[in-house]
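I have placed the structure first, in the form of structure tokens, so that the comments after it can refer back to it.
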Amino acid sequence: MIRAGGRTDQLGGARICDACGGTVLVPFADLGEIPVFCGVHWGSPTEALASPLGTMLLAYCPDCAYVRNIAFDPAALVYDTTMDTNLHHSPAFQSFSTELVRHLAGRYPLRGATVLDVGCGQGEFLRELCHVAGARGVGYDQMYAGPIGPDPSGATFHSGPAPLDDRLPAFDFVTSRHWFEHLDDPYGFLVRLRELAGDRPVHGYLEVPDAGYDLATAGWEVIYPHVSYFDGHSLCRIVERAGWRVVATGPLFSGMFRYVEIASKVPASAVRAELPGPADRDRQLDSIAGFADRHATERERWRSLIDRALAAGDRPVLWGAGSRGVQFLHLADPAGRLAAVVDVNPRKWGRYLPVTGHRVTSPEELATLGTRTVIGTNPAYRNEIGATLRELGVEAELLIA
Ligand SMILES: [Zn+2]
């Protein structure tokens, strides 16, 4: 039996597409067991090595190219304040985020308005948006570990999930960055938000990893916490099916992210951007068709590269202990042969990564290792990593996986 509305049948596992609601999802890549907690950095190697694994079985919609882990178990992944998926330690991400704040403050009438930020992380973005736009904000995140309540920026923070009922203030603008793809029921979330908007003119901004990138590449960002994989086409489909209108959409951050600006009603002044069409969907279906082979090939390629570097007496390191890094290590260095894993976030230094147990070190420690090969997994940080290596006086080749 198949239940409509994007639910998975308990017996057969068949699931109707969450995005378009029209077709049963078709499995296409079985990634086996992967780390559940990419954003947890453990205090001891024992805890890190005992960190749980979860099954990743990707399935796609032949009609709209939506992709989902149909083996996802929401009970396996509970978010709390010990997790740190914060991207704001990187100058490249910070300046991108600042530019976004300027864009939204210029485009929407946010002065005195109420902005709801669902999945606000540690609140950097909402604080900056309230400050620049003169808005009031309310932010929710189970991972939020800062002071609870109002702060001088005009934002009020809660450590916990957004209640999505009459406990929320009437919001004029809703933002959610890098949270929507984590939801077990993304369609239900958008429907509930639309109901809460009611007859009011509410606008919003959603930002997710772009599956147009993730599924066309090695897929280091195909991680357990990401339940859904949206390209431009499937993101617009789910938004519009839930009763929102798409005002604009496009890629961001070297094509790795995708945004969509939405409205409860399209005002006369809003020019609807040209939405992704069948050609975009077909390109994504091609990426999906090649993904399983590409993923396996890339994993082997990086294992061999690390083998050769070690055999040549090199001490290769990985730069970046974020979720992409954790996934890369699990697939390409499960035995922990890299000399170090470096990260710019001081909260991660001296801590251990889930499942593989790699210890995270500061960039300064790298200068003492005699490394000739530095591996990064994120092309958007190539220049930033290169500049830091030069500052540290590390003469190593930078390879982006
Ligand atoms: Zn679909």
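For S234, indicate whether it is out of contact with any Leu (no Cβ under 9 Å at 6 or more places or on another chain), surrounded by 23 or more Cβ atoms within 10 Å (Cβ to Cβ) and either of a type outside the set (S, T, N, Q) or in contact (Cβ under 8 Å) with a residue 40 or more places away in the chain (or both).
Judged against the criteria, S234 is a match.
For the stretch 289-401, which fully contained helices (runs of 4 or more DSSP H) count at least 3 residues that are under 28 Å from G212 (Cα atoms)?
323-332, 382-392
Taking the stretch 175-216, which residues are buried (at least 20 other Cβ atoms within 10 Å of the Cβ) and of a type in the set (V, I, T)?
Passing the criteria: T175, V202, V208.
Looking only at the stretch 76-105, count every residue that is modelled with pLDDT under 90 and farther than 22 Å from A387 by Cβ and tell me the total.
Number of matching residues: 9.
Answer yes or no as to whether A59 is at pLDDT 95 or above, within 29 Å of R281 (Cβ to Cβ), within 16 Å of the ligand (Cβ to nearest atom) and in contact with a Cys (Cβ under 8 Å, 6 or more places away or on another chain).
no
Between A76, A105, which is surrounded by fewer than 20 Cβ atoms within 10 Å (Cβ to Cβ) and either in the same structural domain as Y352 (by TED's automatic domain parsing) or under 30 Å from F291 (Cα atoms) (or both)?
Unique residue meeting the criteria: A76.
When the stretch 205-254 is examined, which residues are found to be among the charged types (D, E, K, R) and either in contact with a Lys or Arg (Cβ under 6 Å, 6 or more places away or on another chain) or within 26 Å of T55 (Cα to Cα) (or both)? Show your work before the answer.
Of the residues in the stretch 205-254, the ones among the charged types (D, E, K, R) are 207, 210, 214, 221, 231, 237, 240-241, 245.
Listed by number, the residues that qualify are E207, D210, D214, E221, D231.
Picking from F28, F37, which residue would you name as being away from the ligand (no atom under 16 Å from the Cβ) and either under 21 Å from the mean Cα position of the chain (by Cα) or at pLDDT 95 or above (or both)?
Sole residue among the options that is away from the ligand (no atom under 16 Å from the Cβ) and either under 21 Å from the mean Cα position of the chain (by Cα) or at pLDDT 95 or above (or both): F37.
The values are calculated or read from the model by the stated rules, or taken from the named source; none is laboratory data. Quick caveat, the model's predicted, so the values are computed rather than measured. Please note: Cβ atoms are built from the backbone with ideal geometry, for glycine as well, and neighbour counts cover all protein chains shown.
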